[in-house]
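S.K.: Let me give you the structure first, and then I'll get to my questions.
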Amino acid sequence: MRPPARITVAVGLLGVLLAVVPAPRGAAEPPLRVLATLPDLWSITRALVGDLGQVQVATRPGQNPHDLEIRPSQVLLVRRAEILVRNGLEEDAWIDPVVESSGNPRLLRGSPSVIESARGLALLKVPSGPVDRSIGDVHPSGNPHYTLDPGTMPAVTATIVSGLARLRPDLAPALEVNRREFLSRVEARLARWREMLAPHHGARVVSYHDSWPYFYRAYGLVELGVIEDRPGVPPTPQHLVQLVRQMKEQRARVVMLESWYPPDTAAAVARQAGAKLVVVPQSPGAVRGTDDYLAHMDYLVTALTRALSGAD
């Protein structure tokens, strides 16, 4: 069972009101008020909604979703939203107690106003045996980082648009137009990203956390190993010795470190294996200018291409 994220709700009066900029109103219905649990879903949903409403995010860019401190302002966001877009796996299970305490029952899991973005996807790394806390922070339904493969965008955006249109059928045609335009831009960029990484097809890569299987799949990279031998648990010395040996034997050139983790262990592994450490944000917005999904993916592909090419 995936352990719950640490959730701390500050107690006290909320002294500062959130500034809400209303989107242009149509003649018949008010604009959409959508809340996404995670920055990747926020960036995608924002592209789909466009000027049809407002899309906000319940977490800060660059914030580790496994270890969250929920603020009163975020509870207020949940209270005011009419639609919730969530990962659909266990990556954002922390939102459930926030919804329960917000006084907004329409955002409870299973409600028609909740869109589970993973619906219909072929998920990677679904555990085959019993899952409990002894094996770490394992996701029992499969790896939740599916948006890091742009190839999942047709299915993910179809699920989100379908959910929005179910609640607001008057906006269905405009939402579909936005979806097709977004997918066209993704397809064009994906061709360029694959071209950039094509010279490194089959390259062995190590990461600190098990964040990247969908990303590897998209670009023909090979996961050699993960520094955390159990997700969310510091690695043992024996695991690190074995991993470094594998990296040397198979000439792994890159260690990817998610920017919210301390660098010491990953840097030591890279140094001992003769590999390059690449610190990258797992989600949009953690680096200035990358709050857009395409800009975020472009940053990741460019950083990894440079590292695999041996560029400084």
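S.K.: Does the range 184-191 contain at least one residue that is of a type outside the set (K, R), over 23 Å from A286 (Cα atoms) and open to solvent by less than 60 Å² (accessible area, probe 1.4 Å)?
M.R.: From the range 184-191, those of a type outside the set (K, R) are 184, 186-188, 190-191; that's our starting set.
Remaining after also requiring over 23 Å from A286 (Cα atoms): 184, 187-188, 191.
From what is left, the residues that are open to solvent by less than 60 Å² (accessible area, probe 1.4 Å) are none.
No - not one qualifying residue is present in the range 184-191.
S.K.: Pairs, please: C-beta under 8 Å, at least 6 apart or cross-chain, first residue in contact (Cβ under 8 Å) with a residue 12 or more places away in the chain and in the range 265-276, second among the β-branched types (V, I, T) and not in a strand (DSSP E or B)?
M.R.: Going by the 8 Å Cβ cut-off, the qualifying pairs are T265/I227; A266/I227; V269/I227; V269/V244; Q272/V244; A273/V244; A275/V269.
S.K.: Is at least one residue of the range 265-285 out of contact with any Phe, Trp or Tyr (no Cβ under 8 Å at 6 or more places or on another chain) and of a type in the set (S, T, Y)?
M.R.: yes
S.K.: Test of understanding: among L294, L304, L300, which residue is assigned to a helix (DSSP H, G or I), more than 16 Å from the chain's Cα centre (by Cα), under 30 Å from A188 (Cβ atoms) and in contact (Cβ under 8 Å) with a residue 24 or more places away in the chain?
M.R.: L304
S.K.: Could I ask something else about it? Which ones in the range 282-312 are open to solvent by 60 Å² or more (accessible area, probe 1.4 Å), under 19 Å from L41 (Cα atoms) and modelled with pLDDT of 95 or more?
M.R.: Y299
Here's the yes/no breakdown for (1) out of contact with any strand residue (DSSP E or B) (no Cβ under 7 Å at 6 or more places or on another chain); (2) within 17 Å of A270 (Cβ to Cβ):
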site	(1), (2)
L175	yes, no
L183	yes, no
R194	yes, no
A198	yes, no
Y216	no, no
Q238	yes, no
V244	yes, yes
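S.K.: Here are some conditions: (1) under 23 Å from L123 (Cβ atoms); (2) part of a strand (DSSP E or B). L89 meets all but one. Which one does it not meet?
M.R.: (2)
S.K.: Now for a separate question. Looking at (1) buried (at least 18 other Cβ atoms within 10 Å of the Cβ); (2) in contact with a Lys or Arg (Cβ under 7 Å, 6 or more places away or on another chain); (3) under 18 Å from A275 (Cβ atoms), find the lone condition where S207 falls short.
M.R.: (2)
The values are calculated or read from the model by the stated rules, or taken from the named source; none is laboratory data. The structure presented is a predicted model; accordingly, all values stated were derived computationally and were not measured. Glycine also receives a Cβ, built like all others from the backbone with ideal geometry; neighbour counts cover every protein chain displayed. All accessible areas refer to the heavy atoms of the entire protein, side chains included, with ligands and DNA or RNA removed. Shrake-Rupley method; radii C 1.70, N 1.55, O 1.52, S 1.80 Å.
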